[in-house]
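Working notes, beginning with the structure itself.
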Amino acid sequence: MEIKINKKDVVWGYITMAFNYGTGLFTLPFILSMLSAEEVGMNYLMLTISNLVILADFGFSQQFGRNLTYILSGAQSLQKEGISGVKLGAINYQLVATLIKTAKFVYLRMSLLVLAGMLTLGTIYIYHVTQGFTNIPNSLLVWLLFSVSTFFNFYYKYYTTLLTGSALMMEYNKSCIYSKIVYIAICVGMLFLGCGLMSVVVANFISPFVQRYYSYISFYTDEIKDGLREQVVTAENIREMTSTLWFNAKKLGIIFVGQYGISQSGIFFSGLFLSLEEVAAYGLMMQLINNILCSISKSLFNSISPLFSKDTINHDISQLIRHFSLGNFIFWCIFIVGSLMVIFVAPPVLDLIHSKSHLPSTLVMLVFSIDALLDYNHANFTYILTAQNRFPFVKADLITGMAVVLINLATLYFTDWGLLGLVLGRLCVMLAYNDWKWPAVICRELNVPITIFVKVGYQETCYKLKMLIKNKK
């Protein structure tokens, strides 16, 4: 199985991007107009908790995906650091089988731990913010169903890594589209039936099973089944593989803890100090900018990111620079234009649809957008480091995350700055180190100034556009 990204993968990436976030934009007016501000606030708090749950992954999903890419690219063994010798055209199916068995072993145990945490500590948190499950209809039942759906989504998470690690991006994107079709049908249908917040939770529970099914039939081709049929995986094989993956997974896990503190602690603590209406405003801003806009902006970058590992294995630095520059340049262009639209166009649109929830002030959104742009930019540069199986930013991410948490708590407890204090505090912490450090490291190691990344990105973008226009004629 050759690891490559073709035009269809990129095209399907953009179709999926349009569908995914078209789905969000399609259902969002119904949610904002049919749910109370309190229900919208609780929905964003549950999403924040689900992001906290992702920390239990502790970096395993990225390790599974990256190491599957190594194996399918010809790696004959997996190492804790660096990349082993590569035998082109030869796939070690014993390693593939061991990696998949290890994924099932790890995710079953982690998902059970997640469910236990949500039913105990998570229930206490939701009980507090809903004033004893009284200010939102069926809030306890909504929370219990959400907890169960999170368990299943977490357990089957490894199916996504099977497709992305195999560079089956078109199949992955199709699975997302089919899942979203089911989500729209259930969510909108139940909203019109007056089911309230339960509509969103039921849709989130059922639709991912569609994606898992399609992921299964897409990955397990006849070639893969034949290669895996005779493989025997022992408990010792699983222990050794877990040990190998854990070496870097624990580093990624620490990074995720730091990233959660940076990106999610604001809304998490706002649920304890601010009203659910303010939480809804902050969550809506995060959905439009952090989720929808950033994901649209990074669609191409994410589609071609498996090539970073391949370029690294092949020691093809020029190709690595070309691929990275193209993805990062397009990310910047789309994000800047999109953030201006969110800041200046979204508020009147919300008024037009008679939304019961509203966005924060223009100043809050502007500061948040600048912070998000710089944050995702430096995160893009760290992809080059992780493609080399290196994680030098672990300590910095953890310290930064802790600093953001402390500043968020201090701002909410000691001041009345509200949402503005949250976004300003985070921006100051990120500017102090992470936002400039990791782009500088990559520029130094590759001996490439930042202006070259911009220049190459611009040239590659123009070239791709010219080829696209030429092919259409």
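The values are calculated or read from the model by the stated rules, or taken from the named source; none is laboratory data. All of these numbers come straight from a predicted model, not from anything done at the bench. Don't worry about glycine lacking a Cβ; one is built from the backbone with ideal geometry, like all the others, and counts go over all protein chains shown. Only protein heavy atoms, including side chains, enter the accessible area calculation; ligands, DNA and RNA are left aside. Shrake-Rupley method; radii C 1.70, N 1.55, O 1.52, S 1.80 Å.
For this structure, a couple of remarks:
- Helix 139-155 axis, angle to the chain major axis (alpha carbon atoms, nearest 10°): 10 degrees
- Residue 75 long-range amide H proximity, modeled H, under 5 Å: 87
- Here the relative contact order of the chain, from alpha carbon pairs under 8 Å that lie six or more residues apart, stands at 23 percent.
- Straight-distance crosslink candidates among aspartates and glutamates, where the alpha carbon sits under 14 Å from residue 174 and sequence neighbours closer than 8 are dropped: 9
- Share of carbon and sulfur in the accessible heavy-atom surface of the chain [1.4 Å probe, %]: 66 percent
- Bridging of residue 157 to aspartates and glutamates at a Cα separation below 19 Å is possible for 57, 171, once same-chain residues fewer than 8 apart are set aside.
- Where 42, 341 fall by accessible area, highest first, once all protein chains stay in place (1.4 Å): 341, 42
- Cβ-defined net charge surrounding residue 410, 15 Å radius [Lys, Arg +1; Asp, Glu -1]: 0
- Highest average packing first - 342-349, 432-439, Cβ atoms within 10 Å: 432-439, 342-349
- Cross-link reach is defined here as a Cα-Cα straight distance under 15 Å, omitting same-chain residues fewer than 8 places apart; for residue 101 the aspartates and glutamates meeting it are 230, 236, 240.
- The listed residues 212, 109 rank as 109, 212 when sorted by accessible area, largest first, using a 1.4 Å probe.
- With respect to the chain, whose longest principal axis is taken over its alpha-carbon atoms, helix 317-344 is tilted by about 10°.
- Surface per residue (accessible, 1.4 Å probe) for the chain, Å²: 44 Å²
- Expected 222 nm ellipticity per residue - DSSP helices of 4 or more, -39500 (n - 2.57), all of the chain, to 500: -26000 deg cm²/dmol
- Between 0 and 90°, nearest 10: helix 450-472 axis offset from the chain longest Cα axis: 80 degrees
- Annotation: amide H of residue 91 has no partner in the under-5 Å range at sequence separation 5 or more or interchain, hydrogens built in the peptide plane.
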